Amino acid sequence: MINPIFGGVALSKFGTPAVKAELLPKIVSGEINCCMTLTEPDADTNTLEVRSFAETDGDGWRLNGRKIWITGVPDAAKMLVVARTKKLSECKSRSDGLSMFMIEVERKGG
């Protein structure tokens, strides 16, 4: 599934002003599309069971995990990735420590 909802809604609610100004007009015009990377082998589509982990390396973020069924990638410019940024043992609830990342489909190391 590919559509402007995945990227557009998340960006409009959580994006910085600069990212909103850069990407939202392109999403609205259809210049770029977004896909979502949520599903994992041991979590299926249950977000609370996501185990993919993102941690900062000082220069940005490094994502580690086993995402599957990432539909629409060939037609998308951006992927909305759901990953943990806290270990479950450090979380107050199962939803604590879940973060969203907007990443380039075509990227170094991708």
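Across segment 39-54, which residue is most open to solvent (accessible area, probe 1.4 Å) among those that are under 13 Å from the mean Cα position of the chain (by Cα) and of a type in the set (Ser, Thr, Tyr)? Ranking the qualifying residues of segment 39-54, first place goes to THR47. For GLY110, the criteria (1) in contact with a Ser or Thr (Cβ under 7 Å, 6 or more places away or on another chain); (2) modelled with pLDDT under 85 hold in every case but one, which is (1).
What is the residue count in segment 57-95 for residues that are within 23 Å of PRO41 (Cβ to Cβ) and either outside any strand (DSSP E or B) or not aliphatic (A, V, I, L, M) (or both)? Walk me through it before giving the result.
Applying the first criterion (within 23 Å of PRO41 (Cβ to Cβ)) to segment 57-95 yields 61-74, 76, 79-89, 91, 94-95.
Among the residues that remain, those that are also either outside any strand (DSSP E or B) or not aliphatic (A, V, I, L, M) (or both) are: 61-62, 64-74, 76, 84-89, 91, 94-95.
Counting residues in segment 57-95 that are within 23 Å of PRO41 (Cβ to Cβ) and either outside any strand (DSSP E or B) or not aliphatic (A, V, I, L, M) (or both) gives 23.
Filtering segment 9-64 to residues that are closer than 20 Å to GLU106 by Cβ and of a type in the set (Asp, Glu) leaves GLU22, GLU31, ASP59. Scanning segment 4-25 for residues that are assigned to a helix (DSSP H, G or I), free of Cβ contacts under 8 Å to residues at least 60 places away in the same chain and open to solvent by 70 Å² or more (accessible area, probe 1.4 Å) returns ILE5, VAL9, LYS13, PRO17, ALA18, ALA21, GLU22, PRO25.
The values are calculated or read from the model by the stated rules, or taken from the named source; none is laboratory data. Note that this is a predicted model, so its numbers are computed, not measured. Cβ: placed from backbone, ideal geometry, glycine included. Neighbour counts: every protein chain shown. Ligands, DNA and RNA are excluded from the accessible area calculation, which covers all protein heavy atoms including side chains. Shrake-Rupley method; radii C 1.70, N 1.55, O 1.52, S 1.80 Å.
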